[in-house]
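The values are calculated or read from the model by the stated rules, or taken from the named source; none is laboratory data. As the structure is a computational prediction, the values presented were derived from the model and not from experiment. Neighbour counts run over all protein chains shown; Cβ positions are idealised from the backbone, glycine included. Ligands, DNA and RNA are excluded from the accessible area calculation, which covers all protein heavy atoms including side chains. Shrake-Rupley method; radii C 1.70, N 1.55, O 1.52, S 1.80 Å.
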Amino acid sequence: MPKYLTLTDYAQITGSAPIKRETHGWRAKCLQRLVRMDMPVPQTIALSFGVVREIATGAQMNLRHLLGHFPQDQLLSVRPSAEHPQWGGPAAILNIGMNDEKHAQISAAHGEPVATALYLRFVQSYAEHVAHLDPDMFDAPDPCLPALQAALRDYEMEMEEPFPQSPAQQLADVLRSMARAWEGTSARLLRQAKGAPADAGLGLVVQAMAGGMGTGFSGAGLIRFIDAETGAPTVAGRFKTQGINGMDAMQNGQDTLFMARDPRGPSLEEHCPEAYAELLQHGARSRERLREEMEIEFTLDNGKLWVLDAVTVPRSSRASVRVAVDLANDGFIERDEALMRIAPKALSEMLHRQVDPQARAEVFVRGIAASPGAAIGRIVFSSTAAQACAARDEPCILVRRETTPEDIRGMHSAHAVLTERGGMTSHAAVIGRGLGVPCVVGASRMEIDERRKTLRAGSHVLQEGDMLTVDGTNGLVLIGEVALLEPALDDRFATLLDWADARRDIGIRANADTPADARLAREFKAQGIGLCRTEHMFFEDDRLTLMREMIFADTPEDRSDALERLLPMQRADFRELFEIMQGQPVCIRLFDPPLHEFLPHSKEGLRFLADALNKPLSEITRRAEALSEFNPMLGMRGVRLGVTIPEIYEMQARAIFEATAELARQATPVVPEVMIPLVSAMREVELIKSRIDAVAAMVRSKQGMDFSYRIGVMVETPRAALRAGDIALHASFLSFGTNDLTQMTYGLSRDDAGRFMSDYVQQGVFPEDPFHVLDLDGVGELLELGAGRGRRSRSDLTLSICGEHGGNPESIRFCRALGFDYVSCSPFRVPVARLAAAQLAIEDQ
Ligand code: PEP
Ligand code: MG
């Protein structure tokens with residue numbers, strides 16, 4: 001039996017009415033706050049979630065009670081009021097109560113055109129939203145009397161009944177259709193995507209339409225008190241004479257005024273200084289009392305101000321930071337609240353150029369958003385071409401099937417990188433994030449023809465040299481040059497992060513391989529380097545040849561000779577990093593990749609190498625083939641190289657300790673951390689540790705300098721996590737390399753997963769790409785086991801994570817809960833991590 005709703009089910013919004021956001025929605029609550037601030041809000045009635053639900057299921061409405069709250073013949077509006085503004089709701093409907101009789105009355109009082117505009121607008125929105133007729137049919141460019149008559153006729157023809165004339169019936173129909181629209185599938189899916197629970201309710205707000213069309217100075221407008229892009233204080237907005245709501249003012253047509261004085265045209269400030277001054281007061285008061293920057297929708301009726309509504313100003317990330325910091329500095333909110341108001345991800349948007357959301361763009365192909373930011377450039381298909389572009393100062397986009405360590409200089413030269421293969425932890429993705437270069441990987445719908453130098457996706461074929469825009473934030477590749485927005489850092493950004501540092505209780509370090517990375521790490525206030533991948537240091541031209549000499553050495557003496565020449569270069573690398581980091585910890589990972597990555601892959605390259613090493617091509621080819629492995633990521637790499645070719649790690653250890661001793665001599669104490677990669681057994685650590693200790697003793701005695709150092713293990717095989725208890729007996733720290741650990745836990749190649757990851761996620765096999773969001777159930781359990789077992793055998797063991805997950809707020813939450821000492825992530829993610837960590841500490845309180 002449907003319920004019969006009565007007067008008690010409607011709440012008139014007064015200062016003391018029992019209106020709550022959780023029962024009546026944000027708009028009703030906000031209006032009540034405006035009333036409490038003595039703003040001139042027209043008479044308003046709020047319907048709770050419960051009442052709206054009853055209406056949707058067919059409850060009868062006794063609208064005489066509701067209408068009794070308003071003067072007779074009062075035109076009304078109905079607006080949605082969900083618990084959160086982002087959850088949306090059905091379109092607002094205005095001018096309820098317009099009918100033939102009212103049209104005649106208003107024509108007599110204010111002129112026929114005013115009455116016709118009001119009536120036509122109501123018929124149009126009623127036809128579209130309540131009767132669900134085709135809106136195109138009612139689309140009249142000019143609101144004149146014949147257009148109104150045609151609309152009423154079309155309505156009657158389609159509906160086989162005249163347009164409803166009873167205001168009570170109109171209101172009942174509007175309420176019912178809005179209540180039902182909320183229950184529709186697409187509305188539900190849309191709001192759930194914005195975080196609304198499945199049973200989120202809708203409130204409705206019925207309000208008296210307040211003037212705007214009087215014969216004196218009348219109209220409607222929107223006013224805000226900040227610049228929506230920067231957050232800086234300014235008065236902005238528009239006013240339309242004879243408009244009936246704020247949206248009219250934004251149409252920018254005839255009769256619109258600027259809000260404040262403006263050289264481009266007349267303003268409300270000049271035309272109605274009293275109302276303007278009153279609005280400024282309301283703005284200041286709402287900022288103080290609502291602790292937010294509000295956009296106020298208002299009308300003027302013969303000069304009398306009415307406040308219809310207020311919403312938080314929609315704003316850019318940069319403006320959000322500025323507003324939060326300014327409100328805290330003005331004492332209106334606590335610093336903790338300012339920190340909680342900013343989504344960590346918003347900070348990463350501020351660090352890079354972004355595609356202008358207003359820009360028109362055609363998508364060429366979609367892929368995985370691997371490194372944020374956007375860039376425009378010409379297509380090139382090789383690293384050499386990218387370097388040539390850079391030399392000509394021409395922006396380019398490096399397009400590769402996938403990148404390899406050989407592409408590193410090409411990536412440095414490119415403005416963005418696009419690959420057909422790969423996932424969140426593939427080479428291109430990791431390096432792109434490290435360099436701050438926008439990157440889209442795994443664009444598997446695109447085909448590269450390297451011979452013809454073309455790129456095809458669907459029906460589009462692009463040539464080398466054509467322009468592309470890469471949107472690494474959203475994983476989109478756009479055809480041609482699309483408008484970008486510049487990054488926008490200001491002192492509020494630094495202030496907010498300083499506040500975050502004062503609150504957080506987990507360390508944040510950066511993954512940094514080069515001096516440029518290290519400088520960025522310091523700029524973003526990382527507390528040291530958590531992972532320096534040393535292999536990148538060997539890809540410079542002069543070093544690459546020496547590396548190759550070392551790899552092809554015939555005797556141990558030849559090998560030592562090549563390493564001896566690499567030593568001063570490595571020492572200089574480490575010294576520079578130590579100097580930049582000024583005594584902060586620097587964790588250096590010993591050589592990790594398989595050796596064949598340093599060999600040329602083309603015939604031409606092999607020939608060049610044979611020349612350089614003065615060896616026959618056949619021998620170079622044979623030995624290069626001998627080094628190739630079926631499964632190199634599970635082969636001769638990491639500590640396995642350290643165990644079998646000890647000279648490499650010994651050279652690196654010597655370079656680290658000699659650089660340390662040099663700095664110690666200059667009174668810059670450094671305590672380097674030496675990290676062993678890809679460990680799976682305790683004995684590997686024992687062996688390497690004893691050799692490193694011996695190198696340290698040798699450097700100490702040769703240099704006559706004492707220094708400290710720490711040796712630790714990178715936990716990136718499942719076995720290392722399981723055996724963390726005995727491994728920790730020989731390690732002062734464990735750092736979880738969750739890229740390889742994810743790869744090995746799933747048995748899923750990090751370089752190939754991009755090919756099917758989107759299918760897997762779409763079909764719900766994986767909730768998310770585990771290379772992007774740490775898999776807490778599986779990989780996470782290994783972290784928990786490893787951390788617990790490690791700490792049980794060594795209570796002072798330092799624990800951290802240095803895989804790409806280190807910068808994700810969810811991973812930080814998990815690692816913090818396990819008692820990790822720090823997380824390490826690429827420098828550009830350090831600000832995000834600092835804020836996310838602070839929010840966790842605040843939440844815990
Ligand atoms: C890892 O495996 O998580 C890691 C950080 O090392 P890399 O990405 O260099 O293999
Ligand atoms: Mg690894």
When ranked by the protection proxy of mean other Cβ atoms within 10 Å per residue, highest first, what sequence do the peptides 768-775, 671-678, 80-87 form?
-> 671-678, 768-775, 80-87
Trypsin sites (Lys or Arg not before Pro), restricted to region 578-678: which are DSSP loop and have at most 12 other Cβ atoms within 10 Å?
-> none
For region 578-714, averaging the sequence separation of alpha carbon pairs under 8 Å that lie six or more residues apart and dividing by its residue count, the contact order in percent is 33
For the chain, what relative contact order do you get, as a whole percent, if you take Cα pairs closer than 8 Å and at least 6 residues apart?
-> 9
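Report the net charge of residues surrounding Ala510, where surrounding means a beta-carbon distance below 13 angstrom and charges are Lys +1, Arg +1, Asp -1, Glu -1.
Net charge around Ala510: +4.
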Projected onto the charge dipole of region 665-779 (+1 at Lys/Arg Cβ, -1 at Asp/Glu Cβ, origin at the Cα centre), which of Pro669, Gln763, Tyr746 gives the Cα projection farthest towards the positive end?
-> Pro669
At most 15 other Cβ within 10 Å, DSSP loop - GluC sites (Glu not before Pro), region 151-228 | Glu160
State in Å² the accessible area per residue of region 648-730; use a 1.4 Å probe, count heavy atoms of protein chains only, and round to the nearest integer.
-> 36
Residue farthest toward the positive end of the dipole of the chain, with Cβ of Lys/Arg at +1 and Asp/Glu at -1: which of Ala457, Ala115, Cys272?
-> Ala457
In nm, spacing of pseudo-spin labels at Gln763 and Asp393 (7 Å Cα→C-beta vector) = 5.3
Place the peptides 462-471, 107-116 in order of packing, highest mean first, counting for every residue the other Cβ atoms within 10 Å and averaging per peptide.
-> 462-471, 107-116
The chain - charge dipole about Cα centre, Lys and Arg +1 at Cβ, Asp and Glu -1, debye rounded to 20 = 1660
When the chain is fully extended, how far beyond the present Cα-Cα distance does Gln845 get from Ser186, taking 0.36 nm per residue of separation?
-> 233.4 nm
Taking all protein chains together and a probe of 1.4 Å, list Asp554, Asp759, Asp173 from the most accessible to the least accessible.
-> Asp554, Asp759, Asp173
Eligible lysines near Lys29 by straight Cα distance, threshold 17 Å, same-chain separation 8 or greater = Lys20
Spacing of the two label points (7 Å from each Cα toward its C-beta) at Ala140 and Asp796, in nm = 8.5
Listed highest first by mean packing, meaning other Cβ atoms within 10 Å per residue, what order do 267-280, 822-835 come in?
-> 822-835, 267-280
Just the number, please: carbon plus sulfur as a percent of the accessible area of the chain, 1.4 Å probe, no ligands or DNA/RNA counted.
-> 49
Output the antiparallel fraction of DSSP beta bridges having both residues in the chain, as a percent to the nearest 5.
-> 65
For the chain, what does -39500 (n - 2.57) per DSSP helix run (n ≥ 4), summed and divided by total residues, give at 222 nm, in deg cm²/dmol to the nearest 500?
-> -13000 deg cm²/dmol
Isolated Cys residues of the chain, judged by Cβ distance under 4.7 Å to other cysteines | Cys30, Cys144, Cys272, Cys439, Cys532, Cys587, Cys802, Cys815, Cys825
Taking the chain as the reference, fit the longest principal axis to its C-alpha atoms, fit the long axis of helix 556-581 to the helix C-alpha atoms, and give the angle between the two in degrees, 0 to 90, nearest 10.
-> 40
GluC sites (Glu not before Pro), restricted to region 359-457: which are DSSP loop and have at most 13 other Cβ atoms within 10 Å?
-> Glu362, Glu450
Put +1 on the Cβ of every Lys and Arg and -1 on every Asp and Glu Cβ in the chain; which of Ile688, Thr44, Thr384 then has its Cα farthest towards the positive end of the dipole?
-> Ile688
